[in-house]
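Here's the structure, in structure tokens; my notes come after.
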Amino acid sequence: MLEEEIWKSIKAGSSDAFRDIYNKYADEMYRYGLKLTPNTETVEDSIQNVFINVYRLRNNISKPVSLKAYLLGALKNEIFLNCKQGQRRSEQKEDYDISDIAGKYDFNLDLDPESLLIASENNNIKLDLLQGAINKLPDRQKEAVYLRYYNNLSGQEIAEIMNINHQSVRSTLAKALNNLRDDLGVSEEILIPMLILYFTL
Amino acid sequence: MHTKNENIDIDAILRDVRFKEAHFARKEEICIAIIDYIEADKLKQQTRIFLTPKVILRNLAAAAVAIMIFMTGAYWILNTTVTTGSDAMAIVLPDNSDVMMQPNTTIKYNKLTWILKRDLSLEGCAEFKVVTGNTFTVNTALGDISVLGTRFMVDVNGEELIVECYEGSVSVRTKSGVQILTKDQKLHYDGEEMVPDMTWPEYVEFEDATLYDVFIKMEDIFNVVVEDKDKYKNFEFSGFIVPRDINETIELLSMICDLDFEYSNNRIKVK
């Protein structure tokens, strides 16, 4: 079904349409959510809230450029909101601003220890290098690389999710690739497929 | 600081590395929760539809229209027209008032609106004996005659309206004004002026009246003055007088009441 038709069904409040888009994007949302916070409960609650909010506000939402980008962006906001509320509850602090958290989040891109063990038999050093190089990237560069090479999103879609303009996305990606290239000493042709597998966490 | 190293075995890395996919264990459970929420909300919306002021107003409007259609239908069904041919006919109205319709007379009324308003239209001539109740109105082309409970006659033919009151009082309203008729009074209306009809009947009857009432009537009919008539307020009288002849009337009273009268210069004196 075309996105146009899916959006019409969402607007109409069709349960089937919501089930379809949920089944299509929930896994990617879950994985992306776990990059923003390690708390699975927060990610699960946030995914549920995103779909319920889309249903509740469907008549006021204009059709997004990309449904997937819209859902990922909405999930990011929802997770930040949940974290903010969690912090407020724990610290009894009333004057939190979402930007306090949005600007400080950690984009977690740790390798699976099991895969590290397997890989270490042959290329432990190189994988460690890759891990180290990625760890050195600023969070926003990690996020941009992840969205571009793992989720195959366009610059415009990444811009929507990260709430920055298209030019900034290109600039962030260029800086990230330069940093990795410098740290690993590999060419871009090798680096990019490597990244794609790396981010399949 | 690393230098660019083209000898790094990227292919080997890609072969060896196995990445664990983050498994969304509660995926189905959350899907069910979302769909349940949507279905419950839809049900709530449907319930709300029945309770919104807009819907209530719409239903009330529909009910009002239905009632109007029903009432209009009932009005037309309950419209009643009675027309006589060459013979007179007696009819009884819904409030049990009697009407004696003369030949070539038409009466129209509605049984539905009659409950609220005793109102009928008349073409021709009819005598009404109205039971006591709210205002009873006879509408004619030339004027309306209203009573509460009395006996009267209405004759409307062409350009002339004649109303005669037999009992009680009758109000006649035309373009030229309002006239009240009491017992035995009559008026003509030709479309311009209401003229009292001085033509008295052949006999004016009294039953359980007093002689004083008779003297008042005589003053009215014969345009005379009866002296000391107040003395006869307790003098009971049942009988009749003859409007066409004052001498015959005096003679009749003398005989019935065993009294002597003196009549001269439009004055009557009881001896």
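Bear in mind these aren't lab numbers, they're just calculated from the coordinates by the rules spelled out. If you're wondering where the values come from, they're calculated on a predicted model, not measured in any experiment. Counting neighbours? That spans all protein chains shown, and the Cβs are built from the backbone with ideal geometry, glycine included.
The table that follows gives values for the structure above.
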item	result
Between 0 and 90°, nearest 10: helix B:246-257 axis offset from chain B longest Cα axis	90
Net charge over other residues, Cβ less than 9 angstrom from the Cβ of B:ASP190 (K, R count +1; D, E count -1)	-4
Amide H contacts under 5 Å for B:VAL131, placed H, 5+ residues apart	B:SER97, B:ASP98
GluC sites (Glu not before Pro) within segment A:1-82: DSSP coil, no more than 14 neighbouring Cβ in 10 Å	none
Nonlocal amide H pairs with A:ASN108, under 5 Å, H built at 1.01 Å	A:LEU36
Number of partner chain Cβ atoms within 10 Å, mean per residue of B:29-42	5
Other protein chain Cβ atoms within 10 Å, averaged over every residue that makes up B:261-269	0
Qualifying trypsin sites (Lys or Arg not before Pro) in segment B:220-258, DSSP loop, other Cβ atoms within 10 Å at most 16	B:LYS233, B:ARG244
With Cα atoms, 0 to 90° folded angle of helix B:27-51 axis to chain B main axis	10
Euclidean distance of C-alpha centroids, segment B:185-206 and segment B:60-129, integer Å	28
Neighbour-count order for B:ASP213, B:ASP87, fewest beta carbons within 10 angstrom listed first	B:ASP87, B:ASP213
Top of B:LEU187, B:LEU253, B:LEU57 by mean-square fluctuation, Gaussian network on chain B, Cα under 10 Å	B:LEU57
Nearest 10 degrees, 0 to 90: helix B:211-222 Cα axis against chain B principal axis	90
Pairwise centroid distance, computed over Cα atoms, of segment A:12-52 with segment A:130-179, Å	22
Chain B, helix-only ellipticity at 222 nm - DSSP H runs n ≥ 4, -39,500 (n - 2.57), divided by all residues, nearest 500	-10000 deg cm²/dmol
Shielding by partners - mean other protein chain Cβ count within 10 Å, residues of A:29-41	2
Ranking of B:ASP228, A:ASP182 by count of other Cβ atoms within 10 Å, fewest first	B:ASP228, A:ASP182
Too-long pairs where the Cα-Cα distance tops 26 Å, listed order kept, from A:LYS63/A:LYS136; A:LYS11/A:LYS68; B:LYS183/B:LYS231	A:LYS63/A:LYS136
